[in-house]
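None of the figures in this text is laboratory data; all of them are computed from the coordinates on show. This one's a predicted model, so the numbers in the text were calculated from it and none came from an experiment. Methodologically, a virtual Cβ is constructed for each residue, glycine included, from the backbone with ideal geometry; neighbour enumeration extends over all protein chains shown.
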Amino acid sequence: MEDLTEVITSAEFHPTHCNTLAYSSSKGSIRLIDLRQSALCDSHAKLFEEPEAPGSRSFFTEIIASISDIKFAKDGRYILSRDYMTLKVSTTPPPPPLLSSAFPLYGSMFLTSCSFDLWDINMDSGPVATFQVHEYLRPKLCDLYENDSIFDKFECCLSGDGLRVATGSYSNLFRVFGCAPGSTEATTLEASKNPMRRQVQTPSRPSRSLSSITRVVRRGAETPGVDANGNSFDFTTKLLHLAWHPSENSIACAAANSLYMYYA
């Protein structure tokens, strides 16, 4: 393990094309594989990688860029990815077809850890939208590194209709972002036995639909170091696992030894 410079962190098959799969890496890359080209996955048909901003590199850059989870959208056109700080959607002009017209390649969606990234698989220059999950943690990266929280692997999910995405955070909180045209939804909920817990929902700039080619950055509702009830964040309680029902508007969240179901 000490000799490895990059590891696979998540993998997912295309929902409608059994020959196509995608996997993410610890260096923040997403690779699309066509098994008809080769049975081995040592080469990729497409690479999704966001360019690093000039002058932004630090000791933590590569750690927080690691993608912890990816998901295809139901229609296979978009990929949702989660890294440690943001959620993104990217687009570029469609490249030349990768496959024969008899085997069309549709899009896909991926999600990364402290952020969400949304990718159109026909546009690999960068995510078409970015949703910041807990940007307030950026000044605390040294502390998170010391207690190993910076290596937490948060999962992500999206609704069956593709209009919302969700991921977990600390203090058993999870974030839900709207992707519908004109949506300003950015909600923070707590996985708790108390159904009367206050929700946090602050309007932000309108989001775009998944097919939008306009770059969007949304922070959503977050108060630095404070949860939905005004309490300090607890980094020992974290909501790492959640799943959206494929056809109904309900989410299952796993927190510690409990499973919570939410219906919107």
For L240 and Y136, extending 7 Å from Cα along the Cα-Cβ vector and measuring point to point gives, in nm, a value of 2.3
For K74, counting only aspartates and glutamates whose alpha-carbon sits under 20 Å away and dropping same-chain residues fewer than eight positions off, the answer is E12, D34, D117, D120, D124, E155, D161, E248
Please give, to one decimal in nm, the separation of the simple spin-label points placed at S258 and D161, each 7 Å out from Cα toward the Cβ.
2.9
For R82, what residues show an amide H to amide H distance below 5 Å, using hydrogens built from the backbone and excluding near sequence neighbours?
S68, D69, L111, T112, S113, D117
Name the long-range amide H neighbours of S250: under 5 Å, sequence gap of 5 or more, or other chain; modelled H, no Pro or chain starts.
H245
Which of the residue pairs K27/K153; K193/K238; K140/K238; K71/K193 have a Cα-Cα distance greater than 21 Å in the structure shown?
K71/K193
Using modelled amide H (1.01 Å from N, peptide plane; none on Pro or chain starts), what sits under 5 Å from the amide H of A129, excluding residues fewer than 5 places away?
V89, S90, L118, V216
Using θ = phi - 60° and Karplus 6.51 cos²θ - 1.76 cosθ + 1.60, couplings along region 252-263 (whole Hz; Gly, Pro as x)
9, 10, 9, 10, 6, 9, 10, 10, 10, 10, 10, 10
I want to check the label-to-label distance for A53 and E146. Put each point 7 Å from Cα in the C-beta direction and report it in nm to one decimal.
2.6
Report ³J(HN,Hα) in whole Hz for each residue of region 35-48, in order, from the Karplus equation J = 6.51 cos²θ - 1.76 cosθ + 1.60 where θ = phi - 60°; Gly and Pro get x.
5, 6, 7, 6, 6, 8, 9, 8, 9, 10, 7, 7, 10, 10
